[in-house]
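Worksheet for the structure shown next.
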Amino acid sequence: MSHNPVRPWRNIERRKSRRIMVGNVPVGGDAPISVQTMTNTDTSDVAATVAQVQRAAEAGADIVRVSTPDAAATKALKEIVRESPVPIVADIHFHYKRAIEAAEAGAACLRINPGNIGDEKRVAEVVKAAKDHGCSIRIGVNAGSLERDLLEKYGEPCPDAMVESGLDHIRILQDHDFHEFKISVKASDVFMSAAAYQQLADATDAPIHLGITEAGGLMSGTVKSAIGLGNLLWMGIGDTLRVSLSADPVEEVKMGFEILKSLGLRHRGVNIISCPSCARQGFDVIKTVEILEKRLEHIKTPMSLSIIGCVVNGPGEALMTDVGFTGGGAGAGMVYLAGKQSHKMTNDQMVDHIVEQVEKRAEEIESAGAVEAAE
Ligand code: SF4
């Protein structure tokens, strides 16, 4: 996916994993690394939950998870699934009945740990429901809720204990001849999470769901996730991810994409390259970028835009972008199209003009792609 023969230092060799399906979204194998988020509405409030799912999907979420803690939630799930543009994962803890209800309601995947739902009969019932309704399962090991026997064995939560827990849950599913599963081993500690994921990647070929749990607020949580998930993704580990933030699910989706975009693993929307600005700037770079980010949110076509304050770096960056603007003197700057110097534009009309140019370029890229696909 990110194989680059010209610039081999950009290549990421992805770990080979099995491919499973979460509804119509493939996870694992060569499938694009999918971005997930989770709703924080009351699931039984169908309208509010569907609205949040739709906003997340509009921002690019491939898969959305909802909590189903009680029967009212699994009842609402049916309608949520019907209205959702993306596959829905039902999040279940302990209650095997909720899992069966969620499968019947059309959940594409159940997030449940089979070792925590009781006796053999219950596990068999849940697995049967998942098989009958085409559900996959995510085993979600969390450092904060490890099984007591593992905590006694290891003394405290640690990567070994997390991986052992994960493999125990895997074994239970395999014993029931169930193989459509993926797995996560999340911790709020970046080191613990990264070490657990690395061990897990060697121990199974199941697709891996990445996440740093309880990462924090928008800024601190994003930095933590970018370090933890970024390192793992760079090593080729990870088939799907969620950036967990104490923030709007839409922000989680945006941050997930930014991490993948930084590593060249997914491309979506306008990648803005901008300078930090300094006394040489020919226009207000920071304010302009802030406005352009908002005004270009609707563009989904992968493309690049350089917004650079002056000629020190402007022409060089513009060479490598679809659209570029470099500040100049006398209240005007230079517009670059497809890497070539094109025409001058005054600073006061520049934002509208750049938005127009980006929209035009996005259309060109889309129609060229459509022609290529038809050939
Ligand atoms: S590109 Fe120009 S304006 Fe921007 S930081 Fe560099 S020197 Fe300053």
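The values are calculated or read from the model by the stated rules, or taken from the named source; none is laboratory data. Source: prediction; values computed, not measured. Glycine also receives a Cβ, built like all others from the backbone with ideal geometry; neighbour counts cover every protein chain displayed. Side chains are part of the model used for accessible areas, which takes the heavy atoms of the whole protein and leaves out ligands, DNA and RNA. Shrake-Rupley method; radii C 1.70, N 1.55, O 1.52, S 1.80 Å.
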Worksheet item: Check SER136: other-chain or 5+ apart residues with amide H under 5 Å from its amide H, H built from backbone geometry?
Response: GLY23, CYS109, LEU110
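Tell me the relative contact order for the chain as a rounded percent, counting alpha carbon contacts under 8 Å between residues six or more apart. Walk me through the numbers on the way to the answer.
Values: 772 pairs, mean separation 45.9, N = 375.
Once normalised by length, the contact order is 12 percent.
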Response to the item:
Heavy-atom accessible area of the stretch 1-143 with neighbours in place, 1.4 angstrom probe: carbon+sulfur share in percent works out to 50
Worksheet, complete the sentence: One point scatterer per Cα, no solvent, Debye formula: log10 I(q)/I(0) for the stretch 43-159 at q = 0.10, 0.21, 0.23 Å⁻¹ comes out as -0.33, -1.07, -1.19
Practice prompt. Give the Cα extents of the stretch 132-190 along the principal axes, in whole Å, largest first.
Written response: 39, 23, 14
Worksheet item: Treating the beta-carbon of each Lys and Arg as +1 and of each Asp and Glu as -1, no other charges, what is the dipole magnitude of the chain about its Cα centre, to the nearest 20 debye?
Response: 520
Worksheet item: Using the alpha-carbon atoms, what tilt in degrees (0 to 90, nearest 10) does helix 218-234 show relative to the longest principal axis of the chain?
Response: 80
Worksheet entry | In order through the stretch 307-324: 3J(HN,Hα) via Karplus (6.51 cos²θ - 1.76 cosθ + 1.60), integer Hz, x for Gly, Pro | 10, 10, x, 7, 6, 4, 10, x, x, x, 5, 5, 4, 9, 10, 5, 9, x
Worksheet item: Considering only the chain, what is the antiparallel percent among its DSSP beta bridges, to the nearest 5?
Response: 30
Response to the item:
Here the gain from full extension of LYS78 to LYS300, 0.36 nm per residue of separation minus their alpha-carbon distance, amounts to 77.0 nm
Practice prompt. Give the relative contact order (percent, whole number) for the stretch 87-239; include only Cα pairs under 8 Å separated by 6+ residues.
Written response: 18
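Among the listed pairs LYS294/LYS360; LYS16/LYS75; LYS78/LYS182, which have their C-alpha atoms separated by more than 28 angstrom in this model?
Working: LYS294/LYS360 17 Å; LYS16/LYS75 38 Å; LYS78/LYS182 23 Å.
Long pairs (Cα-Cα over 28 Å): LYS16/LYS75.
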Worksheet entry | Share of alpha-carbon pairs per 10 Å distance bin for the stretch 10-89, given as whole % | 19, 44, 25, 11, 2
Fill in: Between helix 71-83 and the chain: long-axis angle, C-alpha atoms, 0 to 90°, nearest 10
40
Worksheet item: Hey, how many Å between the Cα centroid of the stretch 69-129 and the Cα centroid of the stretch 188-245?
Response: 25
Item to complete: Any chance you could list P(r) for the stretch 96-216, counting all Cα-Cα pairs in 10 angstrom bins from zero, rounded to whole %?
Response: 14, 45, 32, 9, 0
Fill in: Cα pair distances of the chain binned at 20 Å [whole percent]
26, 51, 20, 2
Worksheet item: Can you work out ³J(HN,Hα) from phi for every residue in the stretch 45-54, in order, using Karplus 6.51 cos²θ - 1.76 cosθ + 1.60 and θ = phi - 60°, giving whole Hz and x for Gly and Pro?
Response: 8, 4, 4, 5, 5, 4, 4, 5, 4, 5
Discussion item. Apply the Karplus curve 6.51 cos²θ - 1.76 cosθ + 1.60, θ = phi - 60°, to the phi angles in the stretch 331-345 and return the couplings in whole Hz, x for Gly and Pro.
Written reply: x, 9, x, 10, 9, 10, 10, 6, x, 10, 4, 10, 7, 8, 8
